[in-house]
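Take a look at this one; I'll ask things after.
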Amino acid sequence: MPKRTTQTYSSEDAPDNAEKIYVYYCRYCGEHAFITDALLDSLPQRKTDRARVIDTAEHHVKLKVVPGAVKYLKREDGKVEKQFRYNCGVLPVLYKSEEHG
């Protein structure tokens with residue numbers, strides 16, 4: 001019978017060549033909001049609302065929130081922006097500009 005081994009490690013004690021993983025929590029309820037390999041402070045910000053932008057083509061993202069309402073916002077330049085919001089409980093914690101993006 002072959003021997004089995006199990007190796008368990010976190011992102012802090014992972015091998016040097018492993019990607020770092022960051023877990024972000026909801027400040028309101030303390031639950032996981034999302035997990036990503038991007039450090040939020042290093043991401044670019046939108047000029048309209050200073051929201052952080054995660055490019056899903058460059059970074060892995062695992063959402064732990066549930067879809068919420070779709071909101072339409074009229075910006076200062078007269079354009080209408082559609083936001084697909086995601087909630088932690090009843091609190092919106094993030095949004096996407098595309099439904100499946």
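The values are calculated or read from the model by the stated rules, or taken from the named source; none is laboratory data. Note that the structure is predicted; figures quoted are calculated from it, not measured. All Cβ positions, glycine included, derive from the backbone under ideal geometry; neighbour counts span all protein chains shown. Protein only, heavy atoms only, side chains kept; ligands, DNA and RNA dropped before computing areas. Shrake-Rupley method; radii C 1.70, N 1.55, O 1.52, S 1.80 Å.
Considering every residue within segment 38-49, establish whether at least one is closer than 20 Å to F84 by Cα, acidic (D, E) and open to solvent by 50 Å² or more (accessible area, probe 1.4 Å).
yes
Select from segment 65-84 the residues that are buried (at least 16 other Cβ atoms within 10 Å of the Cβ) and of a type outside the set (S, T, N, Q) and write down the one among them that is nearest to C26 (Cα to Cα).
Filtering segment 65-84 for residues that are buried (at least 16 other Cβ atoms within 10 Å of the Cβ) and of a type outside the set (S, T, N, Q), the one nearest to C26 (Cα to Cα) comes out as V65.
Continuing with this model, one more query. Go through (1) at positive phi; (2) at pLDDT 95 or above; (3) not basic (K, R) and name the single condition Y72 misses.
Of everything listed in (1) at positive phi; (2) at pLDDT 95 or above; (3) not basic (K, R), Y72 misses just condition (1).
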